[in-house]
1. In Å³ and rounded to a whole number, note down the convex hull volume per residue for the Cα atoms of the chain.
2. Can you give the relative contact order of region 119-200 as a percent, counting alpha carbon pairs under 8 Å and 6+ residues apart?
3. Could you check how much of the accessible area of the chain is carbon and sulfur, as a whole percent, using a 1.4 Å probe?
4. Can you sort Y230, Y209, Y20 by solvent-accessible area, 1.4 Å probe, largest first?
5. Order the following by accessible area, largest value first: I179, I235. Probe radius 1.4 Å; ligands, DNA and RNA are ignored.
6. What number comes out for accessible area per residue over the chain if the probe is 1.4 Å? Units Å², please.
7. By a straight-distance test (C-alpha under 25 Å), which lysines pair with K72 as possible cross-link partners, with residues fewer than eight away in the same chain excluded?
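The values are calculated or read from the model by the stated rules, or taken from the named source; none is laboratory data. This one's a predicted model, so the numbers in the text were calculated from it and none came from an experiment. Side chains are part of the model used for accessible areas, which takes the heavy atoms of the whole protein and leaves out ligands, DNA and RNA. Shrake-Rupley method; radii C 1.70, N 1.55, O 1.52, S 1.80 Å.
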Amino acid sequence: MFSYDQVQQLNRLEIEIYKYIMGHPAEVSTMTIRQLASQSHVSATTILRFLKRMGYDGYAEFKFTLKEQLRKDAAQPVSQTVISMRTFFDRMDVPTVTSDIRAATALIRQAKTVVLIGAGTSKGLASYGTHLLANFGVYALQVNETSQPLPVAKVDLSDAVLLLLSASGESEDVIQQGIFYQQNGAKLIVITASSHSTAAGIGDVVLTYDTPEVQAITGGSTLSQLPVIYFLEQITMGVQKVD
């Protein structure tokens, strides 16, 4: 319904529309354009502009296509997790992702210390990444308290890499730590769901996974973190490979 090349052209507001549609397709199929605008916190004009970028003449054509896609998906049901990963791999620009993973691996190989940081769900993934890298012989540490005060004195971190994990890319404490490490000489690898986020903007190497949100049983929404595990494992395996 949406191609990789089309999604890559979207601005920040349009990315939010895309994520909402992909995370709530059944609901969107019954919405008016004003209802979709309200739910995705944009104007109806922005939605029409988004649809034009996606190759649709208008909202009616888009809804027809969406309903047809839902009908096909219902005929071949798969789990929500599979849908998220299918979207991730279908949209993956393999040459670019491969290049970025190699760049991240090269930074880790050159570093004496790799520090991982993340808050919330990303904290658990940072822990996984720390153990994964350590198992492959990398000296890896985790920052467990992201809100800890930053040192006043300048620190030489030129032989370190900070691997920053943030789904939103807007976690203030995590970004402050990233800026501190970077300003003191460390290289910054960022894994985030938002290619338009603050974290993505400051990374030396950035890996993104603009996958749609999925509904949680509590009524909220969340993002599949399987792409993060994929990136961490690909980077770690690359550490042992000889180019």
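1. Values: hull volume 33.4 nm³, N = 243.
Once divided by residue count, the hull of the chain is 137 Å³.
2. Values: 105 pairs, mean separation 24.4, N = 82.
Computed over region 119-200, the figure is 30 percent.
3. Working: 6570 of 12480 Å².
C and S atoms contribute 53 percent here.
4. Numbers: Y230 55, Y209 5, Y20 35 Å².
Descending order: Y230, Y20, Y209.
5. Values: I179 65, I235 0 Å².
Final ranking, largest accessible area leading: I179, I235.
6. 51 Å²
7. Cross-link targets: K19, K52, K63.
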